[in-house]
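K.L.:
My questions all concern the structure below.
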Amino acid sequence: MNLFEQNIAEVTISYSHRVMPSKQIRVTGSKSVYDYVYPVWPDLDYRERFAVLLLSRSLKILGLSWISTGGVSGTVVDAKLIFQLVLKANASSIILLHNHPSGELRTSEADRSITRKIKEGAKLLDVEVPDHIIMTSEGYYSFADEGEL
């Protein structure tokens, strides 16, 4: 008898990558993250998006995942979705990323609050959150570089 006949949903978890470890890019700081992610960020000046960069123990990029897409002034971030990705990819650390379509490189209370919330949850999983980067088409703001982590 299968699970569906018992009215029980089957849950599967998978993660695959096509980049060999020797070819994975190593993060060396906020500037390197910005340089890697900026070219692939859609709608940077149009609508706000939140993403997570998943990293190995040696700070090599395992992947980039889009968490949410919002409007011109915000987006909803569900921490559960972030931690699902962390576990699927067996990530040792994550860098939080979002853009400000307005071009403003100041943090908001909402930015600081979600950063604290995710950092606290990550501690339970022994996962580091070395940075949260706000991106615009003209530059970036690093929580780590500015002492906000």
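K.L.:
Given charges of +1 on the Cβ of Lys and Arg and -1 on the Cβ of Asp and Glu, with all other atoms neutral, how large is the dipole of the chain about its Cα centre, in debye to the nearest 20?
P.N.:
Here the size comes out at about 500 debye.
K.L.:
List the lysines whose Cα lies under 19 Å from the Cα of LYS117, skipping any in the same chain that are fewer than 8 positions away.
P.N.:
LYS80
K.L.:
If you don't mind, there's one more thing I want to ask. Determine the per residue accessible area of the stretch 98-149 with all protein chains present and a 1.4 angstrom probe, expressed in square angstrom.
P.N.:
Values: 2800 Å² over 52 residues.
Accessible surface, normalised per residue, equals 54 Å².
K.L.:
Can you report the principal axis dimensions of the stretch 82-149 using only the alpha carbons, biggest first, rounded to whole angstrom?
P.N.:
The Cα atoms of the stretch 82-149 stretch 33, 20, 19 Å along their principal axes.
K.L.:
Which log10 I(q)/I(0) values, to two decimals, does the stretch 16-149 give at q = 0.12, 0.14 Å⁻¹ under the Debye formula with one point per Cα?
P.N.:
Here log10 of I(q) over I(0) equals -0.42, -0.57.
K.L.:
Taking θ = phi - 60°, what integer Hz values does the Karplus form 6.51 cos²θ - 1.76 cosθ + 1.60 yield along the stretch 132-137, in sequence order, with x for Gly and Pro?
P.N.:
9, 10, 9, 10, 9, 6
K.L.:
Kindly provide the helix-only [θ] at 222 nm of the chain, computed as the sum of -39,500 (n - 2.57) over DSSP H runs of four or more divided by all residues, to the nearest 500 deg cm²/dmol? Show your work: numbers first, answer last.
P.N.:
Values: 3 runs with 35 residues, N = 149.
My calculation for the chain gives -7000 deg cm²/dmol from helical runs alone.
K.L.:
Order the peptides 54-61, 130-137, 18-25 from the highest to the lowest mean number of other Cβ atoms within 10 Å of their residues. List each step's numbers first, then the result.
P.N.:
Numbers: 54-61: 17.8, 130-137: 19.9, 18-25: 9.8.
Per-residue mean Cβ counts within 10 Å order the peptides as 130-137, 54-61, 18-25.
K.L.:
Taking all protein chains as present, what is the carbon and sulfur share of the accessible area of the stretch 56-149, in % to the nearest whole number, probe 1.4 Å? Walk me through the intermediate numbers first.
P.N.:
Working: 2400 of 4860 Å².
Result for the stretch 56-149: 49 percent of the exposed heavy-atom area is carbon or sulfur.
The values are calculated or read from the model by the stated rules, or taken from the named source; none is laboratory data. All values derive from a computational prediction rather than experimental measurement. Every residue, glycine among them, receives a Cβ derived from its backbone with ideal geometry; neighbour counts consider all protein chains shown. All accessible areas refer to the heavy atoms of the entire protein, side chains included, with ligands and DNA or RNA removed. Shrake-Rupley method; radii C 1.70, N 1.55, O 1.52, S 1.80 Å.
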